[in-house]
1. Output the residue which, of all residues in region 221-247 that are of a type in the set (Val, Ile, Thr) and assigned to a strand (DSSP E or B), is nearest to Trp135 (Cα to Cα).
2. Confirm whether Val177 is touching a residue at least 24 places away in the same chain (Cβ under 8 Å), more than 17 Å from Leu248 (Cα to Cα) and open to solvent by less than 30 Å² (accessible area, probe 1.4 Å).
3. Can you tell me which residue within region 14-31, out of those that are at pLDDT 70 or above, of a type outside the set (S, T, N, Q) and farther than 16 Å from Leu338 by Cβ, is nearest to the chain's Cα centre (by Cα)?
4. Evaluate the following for Arg70: is it basic (Lys, Arg), within 18 Å of the chain's Cα centre (by Cα) and closer than 21 Å to Glu7 by Cα?
5. Among the numbered criteria (1) part of a loop (DSSP other than H, G, I, E, B); (2) surrounded by 17 or more Cβ atoms within 10 Å (Cβ to Cβ); (3) of a type in the set (A, V, I, L, M), which single criterion is violated by Ile167?
6. For a quick check of your reading: which helices (runs of 4 or more DSSP H) sit entirely within region 71-164 and have at least 3 residues that are open to solvent by 30 Å² or more (accessible area, probe 1.4 Å), under 20 Å from Gly178 (Cβ atoms) and not acidic (Asp, Glu)?
7. Which residue out of Ile332, Ile371 is assigned to a helix (DSSP H, G or I), open to solvent by less than 10 Å² (accessible area, probe 1.4 Å) and not charged (D, E, K, R)?
8. If you go through region 383-403, how many residues are crowded, with 24+ Cβ neighbours inside 10 Å and more than 25 Å from the chain's Cα centre (by Cα)?
Amino acid sequence: MQNNVAELVDTLIVEDLSEKDINRALSDLEPEEVALALESLPLDQRMQVWDTIKEEERLDIFVELRGEARALILRELDEERIDLLFKDMEAEDLLEIDDSLPDRLVDIALKRMNKKQQEYYQQANTYDDDEVGHWINHDILIASQNIKVSEALRLLKKEVSEYSDVIYLVNRTGRWVGCVKFHSLIAAQPHVPISELMIEDYPSLLAATDVVKSADAVERSGHIALPVLDDNQTLLGRFDIGSAMEILRETSEGQLMSTAGLNEESDLFAPVKRSARTRGLWLGINLLTAFLASAFIGIFEATLQQVVALAVLMPVVASMGGIAGSQTLTLIVRGLALGQITRSNLFSLLDKELRVGGLNGFVWAIVIGIISAWWFESFALGCVIGMAIVVNIIMAALSGVLIPVLLDKLKLDPALSGSVILTTVTDIVGFVAFLGLGTLFLI
């Protein structure tokens, strides 16, 4: 999938394609591949490609996009186009994206659903989004335990959904009693009661079970889907291996992104101000810990004497560069893993990250400069540390993009070694810039 996405991104960026050419390029790709390709494009090109996608294919692609990317596309659509986008939405699709939609758009989507889909949506919302009952699939084959094989075989003539290899059996009250494998039905005589083929000890999940634990259970079960039951053993639906793998991937990705104060919904090409605001909050939190470290160093003020101010503030410069670089590094490592970053979009991405770094560097340089000037009663010191912060955060942005790309070219794992190299670079640049400027202007 990564190669397909990378080739498509190169084609869309480098070549001036017509609508027909773009549709041809997208025709052999799955919705998740098209979504990845869209997220790999700068915003103006992303909307150009979006407008060429066939109307009936847009919803599936829209659902596969990350939350931030969906929000950016919705911002560019008028009411009529939003209404067309949501016209065929099912409950499972809306549950997947409703946390990234304003309530007004959720209401629009609900109104376009039929009564059964609305009921599915309401039922799912009786469970928290960290419970498997919130994420069940209703597209399953259900039959009474009292029918014969011939009747069950007629069910198989219907369109069978993905990840299906069993018929779920219930009693008269809707309680789950077991299931029958497709291959057992095909091999059996038509007159045989289906209950004779039933697997009664087939594993199941309670709807209130944690969704990550449920995903692990499906993966370990050896089955492609498990039935989901309420507390009364009533069959609600199923949780399949596709959904389980997606949950586990998102959980793993979320843990990785959270180490840099980001989340898995972050968009590679989000607007500069939005990215700066998101990352700036984490920089502010990091600033508190950096000043705390500086305060402890300040205990030795009498010993350090002439260079006390520089020594006390050195960790602030290094730490701010380190966290800014790790945010960029994390996004780039994810983009490389998903095949989103290519030679064609690298310079656009580098330009965006440098502007984010410049904006955050300028804002936090003012904050840190004012605090430092007040703390040590020295305007010159405030200017020195402010300039050093700007230099180090911009260098962190540059390093955060180039280091993982270069490591990837050298066939080294950027996720493992990138942060070590990045920290070294930002520490060296931060200390040299700060102490160098301090030597020029303070001593």
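1. Once the filter is applied, the top-ranked residue is Val228.
2. So Val177 does not fit the description; no.
3. Leu26
4. no
5. It is condition (1) that Ile167 fails.
6. 149-156
7. When all the criteria are applied, what remains is Ile332.
8. The total comes to 5.
The values are calculated or read from the model by the stated rules, or taken from the named source; none is laboratory data. Worth saying up front: this structure is predicted, and the values here are computed from it rather than measured. For neighbour counting, all protein chains shown are included, and Cβ atoms are generated from backbone atoms with ideal geometry for every residue, glycine included. We work out accessible area using only protein heavy atoms, side chains counted, and drop any ligands, DNA or RNA first. Shrake-Rupley method; radii C 1.70, N 1.55, O 1.52, S 1.80 Å.
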